[in-house]
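The values are calculated or read from the model by the stated rules, or taken from the named source; none is laboratory data. Just so it is clear, the model here is predicted, and its values are computed rather than measured. No Cβ is skipped: glycine too gets one built from the backbone with ideal geometry, and neighbour counts run over all protein chains shown.
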Amino acid sequence: MNGGHLPPGFVAEGGELVIAGRRASDWAAHAGDTPLFVYDGARVAARIAAVRAALPDVSLHYAVKANPHRDLLAAVAALVDGLDVASEGELQMALAAGADPRHVSFAGPGKRDRELAAAIRAGITLNIESEGEFDRLARIGAELGVRPRAAIRVNPPFELKGAGMKMAGGARPFGVDAARVQSLLARFPQAGVAFEGFQIFAGSQNLSADAIVAAQSETLALAARLAEHAPGPVRSINIGGGFGLPYFGNDVPLDLAAVGAGLSALMSRCPPSIAGAEIIVELGRYLVGEAGVYLTRVVDVKSSAGQTFVVVDGGLHHQLAASGNFGTVIRRNYPIANASRFEAARTETVHVVGCLCTPLDRLGDGVDLPPTQPGDLIALFLAGAYGRTASPERFLGHPPPLELFAPARD
Ligand SMILES: *Cc1c(COP(=O)(O)O)cnc(C)c1O
């Protein structure tokens, strides 16, 4: 079965796939080697503009962990209202990308003391994941003589229905259970911690506008109830994101306009306890995923027991998610094409496998491609998020992939 939707707008020139205005072979020559990721800044900018148009009343943050590539991050930072980081390393990347520390927040269940200290010194918002973390934050702030700014990350008693990755509802390592938030709020003034607001993240990779709006509705209602016990005004509420991408064959792309309409309606009747708060939507994959293409060269084409294997120089060490080994239960194919013969009829059914010695290393399982030769370039689409950054790069000792960012041409 073939993968999901090729993002719209990919065309051929001289029979070859064109990415960000250049042929695939040009990019490979420019990089000097394969495999490589190409990130199209124009696609990123267009997606951010579309989200802003559909969700005009909220602030837009980018979750750095989706793709922290330096040039991409700098381009994104200039177009969104803030960045969300998950480690001190990402914090440094966010600051280097030019983000305003007042609009950077840091979530993650295992923040070390030195990470808390770095965040306090930088003046960013800490999203508190537990009472113990709150105590450490207060102590380190006192030691540094700097008042920390903190929001409470709430583990809500509901989940984003149908999310590809469940991160809320029931027992979770993320956030403070909603039932425990009131007593934690009461401790802010004495602890010398400035109260910023709430972060409530109900799930990820969702393609249903109805489910997303339903979770947003519950999120705002929960925030409004908790806000009644807040030690001061609620400055911001990060309501998460969860906007998914159509990676697989039967996926239907998210109806962004429907999400926008639903959220606008919710915002227009925001309860008074949170009426003054900045509402933040935090997105990772939705902003950058479709802007990336992974290009890998065919090394060998072989046959075994009547099946054809197209062996490439890349693999799951760069694209774990496309191999089906990153948070998916059933292995399904990402959209894939022969970039060197982009317009040729897909007359053969083959397995595209990576160069690692493990049966897990499959980039395309029974996919239709044109007759393919060693030397051809294979393109894996939707490679802009959780690609290199979420893959076991050291596994088997191959070199890292190359990465190229094509700035938006205006
Ligand atoms: C990972 C993460 C995100 C981004 O998820 P995407 O599916 O890439 O949009 C947003 N918020 C939090 C808290 C996260 O951990």
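Before moving on, here are some points about what is shown:
- Filtered residues of the range 285-299 (kept if buried (at least 22 other Cβ atoms within 10 Å of the Cβ) and more than 18 Å from Leu404 (Cβ to Cβ)): Arg285, Tyr286, Leu287
- Residue satisfying condition, being under 29 Å from Gly108 (Cα atoms), among the acidic types (Asp, Glu) and in contact with a helix residue (DSSP H, G or I) (Cβ under 9 Å, 6 or more places away or on another chain), within set Glu228, Glu218, Glu282: Glu228
- Tally of residues being more than 22 Å from the chain's Cα centre (by Cα), touching a residue at least 40 places away in the same chain (Cβ under 8 Å) and part of a strand (DSSP E or B) across the range 280-325: 12
- Of the residues Ile212, Ile237, the single one that is among the β-branched types (Val, Ile, Thr) and assigned to a strand (DSSP E or B) is Ile237.
- Residue pairs meeting the criteria (Cβ under 7 Å; at least 6 apart or on separate chains; first over 11 Å from Ser208 (Cα atoms) and of a type outside the set (S, T, N, Q), in the range 237-252; second near the ligand (Cβ under 8 Å from one of its atoms) and at pLDDT below 95): Gly240/Phe201
- Condition met for Asn333 (under 23 Å from Pro399 (Cα atoms), touching a residue at least 12 places away in the same chain (Cβ under 8 Å), out of contact with any helix residue (DSSP H, G or I) (no Cβ under 7 Å at 6 or more places or on another chain) and not in a strand (DSSP E or B)): no
- Cross-chain or 6+ apart pairs with Cβ under 7 Å, the range 143-155 first and of a type in the set (Lys, Arg), then at pLDDT below 95 and surrounded by fewer than 22 Cβ atoms within 10 Å (Cβ to Cβ): Arg153/Phe174
- Looking across the range 3-43, the residues that are closer than 30 Å to Ile330 by Cβ, buried (at least 21 other Cβ atoms within 10 Å of the Cβ) and modelled with pLDDT of 95 or more come down to Leu17, Ile19, Ala24, Thr34, Pro35, Leu36, Phe37, Val38, Tyr39, Asp40, Arg43.
- Test: residue in the range 350-357 that is in contact (Cβ under 8 Å) with a residue 12 or more places away in the chain, touching a helix residue (DSSP H, G or I) at 6+ places or on another chain (Cβ under 6 Å) and either within 18 Å of Leu73 (Cβ to Cβ) or of a type in the set (Ser, Thr, Tyr) (or both): no
- Top-ranked residue in the range 358-377 [being of a type in the set (Val, Ile, Thr) and in contact (Cβ under 8 Å) with a residue 60 or more places away in the chain; ranked as farthest from Asn325 (Cα to Cα)]: Thr372
- Of Gly32, Gly15, Gly21, all but one fail to be in contact with a helix residue (DSSP H, G or I) (Cβ under 9 Å, 6 or more places away or on another chain) and either acidic (Asp, Glu) or more than 18 Å from Leu382 (Cα to Cα) (or both); the exception is Gly15.
- Any hit, the range 150-172, residues being under 16 Å from Ala107 (Cβ atoms) and more than 14 Å from the ligand (Cβ to nearest atom): yes
- When Gly192 is tested against (1) touching a residue at least 60 places away in the same chain (Cβ under 8 Å); (2) of a type in the set (Gly, Ala, Ser); (3) surrounded by fewer than 18 Cβ atoms within 10 Å (Cβ to Cβ), only condition (1) is not met.
- Selection count where residues are within 16 Å of the ligand (Cβ to nearest atom), among the hydrophobic types (A, V, I, L, M, F, W, C) and over 21 Å from Gly241 (Cα atoms), scope the range 70-122: 2
One line per residue, one yes/no per condition, for (1) among the polar types (S, T, N, Q); (2) away from the ligand (no atom under 16 Å from the Cβ); (3) closer than 27 Å to Gly262 by Cβ:
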{"position": "Ala186", "(1), (2), (3)": "no, yes, no"}
{"position": "Ala194", "(1), (2), (3)": "no, yes, no"}
{"position": "Phe201", "(1), (2), (3)": "no, no, yes"}
{"position": "Ser204", "(1), (2), (3)": "yes, no, yes"}
{"position": "Asp210", "(1), (2), (3)": "no, yes, yes"}
{"position": "Ala227", "(1), (2), (3)": "no, yes, yes"}
{"position": "Ile237", "(1), (2), (3)": "no, no, yes"}
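- In the range 119-129, of all residues being surrounded by fewer than 20 Cβ atoms within 10 Å (Cβ to Cβ) and small (Gly, Ala, Ser), the one that is farthest from Arg153 (Cα to Cα) corresponds to Ala122.
- Hits in the range 67-111 - residues which are over 16 Å from Glu282 (Cβ atoms), among the acidic types (Asp, Glu) and out of contact with any Gly (no Cβ under 9 Å at 6 or more places or on another chain): Glu88
- Members of the range 371-410 that are more than 16 Å from the ligand (Cβ to nearest atom), closer than 20 Å to Leu79 by Cβ and not in a loop (DSSP other than H, G, I, E, B): Glu403, Leu404, Phe405, Ala406
Conditions tested, residue by residue: (1) of a type in the set (Gly, Ala, Ser); (2) under 24 Å from Val51 (Cβ atoms); (3) touching a Cys at 6+ places or on another chain (Cβ under 9 Å).
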| position | (1), (2), (3) |
| --- | --- |
| Pro148 | no, no, no |
| Ala194 | yes, no, no |
| Asn206 | no, yes, no |
| Ala209 | yes, yes, no |
| Ala214 | yes, yes, no |
| Gly244 | yes, yes, no |
